[in-house]
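The values are calculated or read from the model by the stated rules, or taken from the named source; none is laboratory data. Please read all numbers here as calculations on a predicted model, not as lab measurements. Positions of Cβ are backbone-derived with ideal geometry, glycine not excepted, and every protein chain shown enters the neighbour counts. Only protein heavy atoms, including side chains, enter the accessible area calculation; ligands, DNA and RNA are left aside. Shrake-Rupley method; radii C 1.70, N 1.55, O 1.52, S 1.80 Å.
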Amino acid sequence: MNLWDFPVYLLQHKLQSGEISSVEIVRAFRERISQVEGKVKAFITLDEEGALREAARVDQEGGYTGLAGIPYGLKDLICTRGMKTTCASRMLEDFIPVYDAFVVAKLRETRALLMGKTNLDEFAMGSSTEQSAFFPTRNPWALDRVPGGSSGGSAAAVSAREVPFCLGTDTGGSIRQPAAYCGVVGLKPTYGRVSRRGVVPYASSLDQVGVLAQNVRDCALVFSIIAGHDPGDTTCVNVPVPDFVSALDEGVKGIKIAYPREYFALGVDEEIKAAVMKSLKKLEELGAIVEEVSLPHSEYALPAYYLLAPAEASANLARFDGVRYGYRDLEADNVIDMFAQTRGTAFGAEVKRRIMLGTYALSSGYYDAYYLKALKVRRLISSDFDKVFASYDLIVTPTTPTPPFIIGAHVEDPITLYMNDILTVPVNMAGLPAMSIPCGLTRGLPLGMQIIAKPFAESLIMQAAYAFEQNTEYHSMKPELEV
Ligand code: GLN
């Protein structure tokens, strides 16, 4: 096994036992990146030399506590001091933040090594990473297919073993859907569990930072570092952070798992349904109690999301006006034209579509009919979940309705692309934690199972996911990238 193939917890082990150095680890990943990155194109910016320098310092100090000496990748809408943060947009092509996001500061503190910034759909708006203003990322399992999105670069980088873990963000599925498409584990925490400070906002009431990794244990290790209160983010909740790693071994005996019938309709591919049902059987064998339930308002989640998220996006993206950040059109001869031309030139088509949709939904006369109505639907979605969680511990569903699709298949058809989020969006609407884990293959492409819990019950999700992982082989399947 090559060093770049090792998960975080084994790299940690090897560092602590003195078997290898952090410099050796970074060199191994640098080598791997040079072999596969030309095909996968997961990164917008790479800084292997910076990581190498830091690795040398970590080696000198020794100790290797936390994630010291372990390299990682970061979705390129999370701010990094002194390193470009582009949001995969022409608007921020040359933007270099003067501060680190809270989560980056946490990882720096533990001396994890930032290898580079990963590709995404522009400003996290999309489900395929084709909306990046720079280039599409490719699915390591099938290079003609999308890796999912918007955290597609992060999922592909982990799947292709270019880094052992990445951080992404999830507003309507952007960690879970690419995790499912690339055959890796992806955790979207409870809204408020992880600080959003320094994360360029898309829809502030839905966005959360989370982890993409090879397996559940790695996810728990990284999550322990980034979770927790930040007084600098008023939406980040001050609740205790449990020991996610030691809870992993507790198994699923007696845990009550519900599967909502609506999530097995909604245009879900037959093979995906079958794989998730088989996984539920496995959980039952391991001691869980599995029953069917209903989440009756599920079908309204997607249309409501595509009003609320663009509404918030239209407000959040108002800051990109050519004055405060990034690109400015220099041709205009007055300030109004400068605003218009800056935004007209530097935003891509999907971002403009969302801004227009959102501005419309918020405009006087339409606000009650669209925005307010969508907020009411959001409440109904949330209470559907509350009712189920009154008698169950976890909810299990497929992560996506289809396997990864061919690059370019839906670019002209945004609605089909929006449909891809149908199984992930309700979780964000209700602010719940959820994880996608690999649960099978169809036609050689990976499939994901989504595990959802009550607010702040990430531990229980990981406990069940870990039990499943320990008794199946899906997490050890990986793409055969020829080099
Ligand atoms: N695909 C969804 C969207 O385009 C979700 C994106 C996300 O979670 N950032 O809005």
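Quick one: is Ser22 of a type in the set (Gly, Ala, Ser) and either closer than 30 Å to Arg319 by Cβ or without any contact (Cβ under 8 Å) to a residue 12 or more places away in the chain (or both)? Here the answer is no, as Ser22 does not meet what is asked. Kindly establish whether Lys41 is closer than 22 Å to Leu120 by Cα and not small (Gly, Ala, Ser). Against the criterion (closer than 22 Å to Leu120 by Cα and not small (Gly, Ala, Ser)), Lys41 qualifies. Does Val483 meet the test of being open to solvent by 20 Å² or more (accessible area, probe 1.4 Å), β-branched (Val, Ile, Thr) and either within 17 Å of Thr190 (Cβ to Cβ) or not in a helix (DSSP H, G or I) (or both)? Criteria met by Val483.
Going by the conditions given, is Val103 open to solvent by 20 Å² or more (accessible area, probe 1.4 Å) and at pLDDT 95 or above?
Values: open to solvent by 20 Å² or more (accessible area, probe 1.4 Å): no; at pLDDT 95 or above: yes.
Criteria not met by Val103.
If you filter the range 173-192 down to residues that are on the phi > 0 side of the Ramachandran plot and touching a helix residue (DSSP H, G or I) at 6+ places or on another chain (Cβ under 8 Å), you find that the one that is surrounded by the fewest Cβ atoms within 10 Å (Cβ to Cβ) is Gly183.
When Val252, Val276 are screened for being part of a loop (DSSP other than H, G, I, E, B), closer than 15 Å to Ile395 by Cβ and modelled with pLDDT of 95 or more, only Val252 passes. Scanning the range 192-207 for residues being hydroxyl-bearing (Ser, Thr, Tyr) and either closer than 21 Å to Pro398 by Cα or away from the ligand (no atom under 14 Å from the Cβ) (or both) gives a total of 1. Do you know which of the residues in the range 303-339 that are basic (Lys, Arg) and modelled with pLDDT of 95 or more is surrounded by the most Cβ atoms within 10 Å (Cβ to Cβ)? It comes out as Arg328. Could you say whether any residue in the range 119-141 is farther than 21 Å from Tyr418 by Cβ and not in a loop (DSSP other than H, G, I, E, B)? Within the range 119-141 (the criterion being farther than 21 Å from Tyr418 by Cβ and not in a loop (DSSP other than H, G, I, E, B)), the answer is no, since none of the residues qualifies. Looking at Gly192, is it in a loop (DSSP other than H, G, I, E, B), at pLDDT 95 or above and not aromatic (Phe, Trp, Tyr)? Taking the combined requirement at face value, the residue satisfies it. Of all residues in the range 386-396, at least one satisfies being among the aromatic types (Phe, Trp, Tyr), in contact (Cβ under 8 Å) with a residue 60 or more places away in the chain, open to solvent by 10 Å² or more (accessible area, probe 1.4 Å) and not in a helix (DSSP H, G or I).
I want to confirm something. Restricting to the range 397-417 and keeping residues that are of a type in the set (A, V, I, L, M, F, W, C) and outside any loop (DSSP other than H, G, I, E, B), which single residue is farthest from Ala274 (Cα to Cα)? Within the range 397-417, the match that is farthest from Ala274 (Cα to Cα) is Ile415. Glu61 fulfils the conditions (1) over 21 Å from Tyr9 (Cα atoms); (2) open to solvent by 50 Å² or more (accessible area, probe 1.4 Å) except for a single criterion, (1). Taking the criterion of being of a type in the set (A, V, I, L, M) and either assigned to a helix (DSSP H, G or I) or surrounded by fewer than 19 Cβ atoms within 10 Å (Cβ to Cβ) (or both), the residues of the range 22-45 that qualify are Val23, Ile25, Val26, Ala28, Ile33, Val36, Val40. Among the residues making up the range 418-443, those that are in contact with an Asp or Glu (Cβ under 9 Å, 6 or more places away or on another chain), among the aliphatic types (A, V, I, L, M) and outside any strand (DSSP E or B) are Ile422, Val427, Ala430.
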